[in-house]
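Below you'll find the structure, written out as structure tokens, and then a few comments.
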Amino acid sequence: MRLSFKAIVLLVFAVLFFPAYGFCTTEYASQTGKICSDCHIDPTGGGKLTKEGEVFRDNLRIRGQYRELNPAQRIVRFIVGYLHTITAIIWFGTILYVHIVLKPAYAAGGLPKGELRLGWASIVVMAVTGTLLSISRVPTWHMLFHTRFGILLSIKIVLFLIMVSTAVFVTFVVGPKLRKKREQGILQRAGDMTSDELSQYDGKDGRPAYIAFNGIIYDVTGSKLWREGSHFKKHPAGSDLTNILKTAPHGEGKVLGMPAAGKLLREKEIKKPPHIIIFYFFAYMNLVLIFSIVFIISLWRWW
């Protein structure tokens, strides 16, 4: 697991800091019918322009389809773009971690404050940096709706706004109802329970800390390794950690030595409250939107 994580980190840094040579865009090529070396001294494209390339650039500027930046503006754009990319990685990574590793049931009993703060901080940073980057790349409204890059950017902005609107609704409408349910629904006795009921035992604010492993629920409240309902700030209490603990460096005996509290029951076919249904719908919709945004970026950069 650690090796794969390091490999991912190295790959991200390689993409950010050692990009491949860029080629002339399809819009320019389709308009001129020429190859990169007709406008660029470097045959692979980019960099210093030939005289013909300078003429073409000047024509684009006249039509409002090109915005030239001075060295200071380029440095600022690089810094802003770096912050935008890092924030997107953190935001998307957090959502993927919650959905793939923790599962949405982790937050179904109440939105964790840490994830809320991180999510809203990411939204604000991405909104500000994204606006600045768009201004630096799009000189006119015409370009935003009549060029391939502008259309893809518009779709990306719409998807982002949808995610923001769902975040607003979940935070201020669904969130309070989830917290109320948790405060009223904490069970005071051990026993068999579903995943939703298990999520209420997160070890926070004086609540017991339970985890599930191989269908059995264990009480880890008294363990020093589960202080504040978290195991080394990586694995939260109130979750089924069967798959995660199978890859842990310690053996299963660490878990089996904890007092059993009951069995983990399969989710019953019961009608869930509307706010729970909405929460799960938005949770999985945001997951789809993330993949859609990455798809749009891939189309822009590599198609």
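The values are calculated or read from the model by the stated rules, or taken from the named source; none is laboratory data. Quick caveat: nothing in here was measured; it's all calculated off a predicted structure. Cβ: placed from backbone, ideal geometry, glycine included. Neighbour counts: every protein chain shown.
Against the condition at pLDDT 85 or above and more than 25 Å from residue 293 (Cβ to Cβ), how does residue 87 come out, does it pass? In short, no. Residue count for region 18-58 satisfying the condition of being of a type in the set (Gly, Ala, Ser) and modelled with pLDDT of 75 or more: 3.
Restricting attention to region 189-240, the residues that are part of a helix (DSSP H, G or I) and either in contact with an Asp or Glu (Cβ under 8 Å, 6 or more places away or on another chain) or closer than 18 Å to residue 115 by Cβ (or both) total 5. Do we have residue 128 as buried (at least 16 other Cβ atoms within 10 Å of the Cβ) and assigned to a helix (DSSP H, G or I) here? It is false that residue 128 is buried (at least 16 other Cβ atoms within 10 Å of the Cβ) and assigned to a helix (DSSP H, G or I). Return the residues of region 266-303 that are at pLDDT below 80 and not hydrophobic (A, V, I, L, M, F, W, C); say none if nothing qualifies. Of everything in region 266-303, those that are at pLDDT below 80 and not hydrophobic (A, V, I, L, M, F, W, C) turn out to be 266, 267, 268, 269, 271, 272, 273, 274, 275, 280, 301. Residues in region 209-219 that are of a type outside the set (Ser, Thr, Tyr) and surrounded by 22 or more Cβ atoms within 10 Å (Cβ to Cβ): 209, 211, 212, 217.
Looking for whichever is assigned by TED's automatic domain parsing to the domain that holds residue 279, part of a helix (DSSP H, G or I) and either at pLDDT 85 or above or on the phi > 0 side of the Ramachandran plot (or both) here; the options are 95, 75. Which one fits? Every option except 75 fails the conditions.
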